[in-house]
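Taking it in order: structure first as structure tokens, then the write-up.
The values are calculated or read from the model by the stated rules, or taken from the named source; none is laboratory data. Owing to the predicted nature of the structure, the values given are computational and were not obtained by experimental measurement. Neighbour counts are summed over all protein chains in view; Cβ atoms, including those assigned to glycine, are modelled from backbone coordinates with ideal geometry. These area figures cover heavy atoms from the full protein model, side chains too; ligands, DNA and RNA do not enter into them. Shrake-Rupley method; radii C 1.70, N 1.55, O 1.52, S 1.80 Å.
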Amino acid sequence: MWTTTFLTLLFALAPPQDTPTRTKPLSPELMRHQGTWCVVSFIYQGTKADPEVMASILRTVEGERVVWTREGKSFSATGLMLDPKADPPAIDVIPEGGPHRDKHVLGIYRLEGTKLTLCMADPDMPRPDTFDAGPDSHRTLIILEREREIDHPASKPENQIDLSRLTRPDFPAPATTDQIERPCFPRPSNTLYALSST
């Protein structure tokens, strides 16, 4: 039930649309937010989401745009605006579609190294001033961790091979990056990773 509520909340904000063209350089603060982030914790009005579901969801920031994906499939996208001079620093997300399209959904953020904490108000609600999302608060508290490379022998430069030399027609095509598991946290090097042939 909660899984459905979580996904519905994000999808209602912003079904993915075509990627807009960026015409201006990114600010230094926005540059710090670029890349892919894994959901570590998600609390909406005092209720915590299922960790297993959260482990399958990624938040990717590219330019001034955020795309949420689950198991490789996008289900939500928004624009992004930051005000690092506010206290606490402010974030606005602007849905690209849905009932709240082009509205500013207000929040605050805290970026500490590879950890990003967001506290977002529901649409049409005032901006939070503290990082909490208790019952009846109409707030969502999200903790994200920047995605990391796999701690695996094959990821070391000395163990990599030049796949461009593999020209035999009967040789399987090299795996693409989206076919390789990329967890947020390094896993033991003796873990087996299966590469999909499809």
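Find the centroid of the Cα atoms in the stretch 77-112 and in the stretch 57-74, then give the distance between the two in whole Å. Distance between centres, Cα-based: 15 Å. Based on protein heavy atoms only, the stretch 69-123 ends up with 47 Å² per residue of surface accessible to a 1.4 Å probe. The figure for V39 is an accessible area of roughly 10 square angstrom, using a 1.4 Å probe on the protein chains alone.
Here the stretch 48-136 is treated as an ellipsoid with the same Cα gyration tensor; its semi-axes, largest first and in whole Å, are 20, 17, 15. Using a 7 Å offset from Cα along Cα-Cβ at L30, what residues in the stretch 66-102 end up with backbone N under 16 Å from the label point? From the stretch 66-102, the list is 66-67, 78-85, 90-96. Among the GluC sites (Glu not before Pro) in the stretch 22-127, those placed in a DSSP loop whose Cβ has at most 16 other Cβ atoms within 10 Å are E71. Two decimals is fine: what is log10 I(q)/I(0) at q = 0.12, 0.13, 0.18, 0.30 Å⁻¹ for the stretch 32-96, from a Debye sum with one equal scatterer on every Cα and no solvent? With one equal scatterer per Cα and no solvent, log10 I(q)/I(0) is -0.35, -0.42, -0.78, -1.21.
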